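Working notes, structure below.
The values are calculated or read from the model by the stated rules, or taken from the named source; none is laboratory data. Not measured: the values here are computed from a predicted model. All Cβ positions, glycine included, derive from the backbone under ideal geometry; neighbour counts span all protein chains shown.
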Amino acid sequence: MTTTRLPVFKIISLAIITTLISAKNVLAEIIILNKDNTTHITFKKVKPSNYFFKQGALKIQVNNSASFLLLPFENTRQITKVSFQWKKSGMINIKDSEHEETRQGDDAYLRVGLALKGKNTVANPLAPQWAKQVREVLHHASNKMIYLTPGSKHNVGEHWKSPYTDDVDIIAVSSKIKADGWNYSEHEFEDSQSVVGLWLMADGDNTQSTFTSWLKSLTLE
């Protein structure tokens, strides 16, 4: 009797494992980036960076500049892990981790920002134009942000507050070079994050830096 049941048990176990793996893969989504699903938002009196979409990748040219792309979600998403590939040419003028935490050093080769779900509040008529535009583009309220930054002067896993607002947390993420010249980065959260949109950015205005960054295979789980 045991010899006949064991193969059946193994088959059922394999089926369950396969189902769990498939379910996990379904939850992982590669975000398609293009000019139709993103909005380029600029800052007053700051030269904007240039954004290009080519062959499934996003190219960002920075020349003492700063601006960002905003991609809103129709529905709030629960995110536990973010991964992406990136590369850069040129150097950013950040001295060390302490400099990186100041307004004078607050630039990055790449910021993959998660706009977190917040409470609905009354619009501030004195808010800058870029903030008003963010409010218009997003489908849900958001007043907090998490930036994932590869190539940081901080050690992987370290985090700090934006020098402009305590509502933005910045996290230094891992970066492993691949054979094709691209870097692979990922970050997994201890608790799932309620995300209503993506804020994608490369900036060099504070450090007077000139460089080019590329982003592809942005995946959310």
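Go through the range 105-164 and count every residue that is of a type in the set (A, V, I, L, M), part of a loop (DSSP other than H, G, I, E, B), closer than 26 Å to Trp214 by Cβ and touching a residue at least 40 places away in the same chain (Cβ under 8 Å).
Looking only at the range 105-164, we keep the residues that are of a type in the set (A, V, I, L, M), and these are 108, 110, 112, 114-116, 122-123, 126-127, 131, 134, 137-138, 141, 145-146, 148, 156.
Checking the rest, the ones that are also part of a loop (DSSP other than H, G, I, E, B) come to 122-123, 126-127, 138, 141, 156.
In the following step, the residues that additionally are closer than 26 Å to Trp214 by Cβ were identified as 138, 156.
Right, trim to touching a residue at least 40 places away in the same chain (Cβ under 8 Å) and you get 138.
Result for the range 105-164: 1.
Among the residues of the range 150-159, are any modelled with pLDDT of 95 or more and in contact with a Leu (Cβ under 9 Å, 6 or more places away or on another chain)?
Within the range 150-159, one or more residues are modelled with pLDDT of 95 or more and in contact with a Leu (Cβ under 9 Å, 6 or more places away or on another chain).
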Within 13 Å of Asp107 (Cβ to Cβ), within 14 Å of the chain's Cα centre (by Cα) and in contact (Cβ under 8 Å) with a residue 60 or more places away in the chain: does that describe Phe68? yes
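Counting only residues that are of a type in the set (Lys, Arg), give me the strands (runs of 3 or more DSSP E) lying completely in the range 34-93 with at least 1 of them.
On the way: elements: 39-42, 50-54, 57-63, 67-91.
Because the criterion is at least 1 residues that are of a type in the set (Lys, Arg), the strands (runs of 3 or more DSSP E) in the range 34-93 that meet it are 50-54, 57-63, 67-91.
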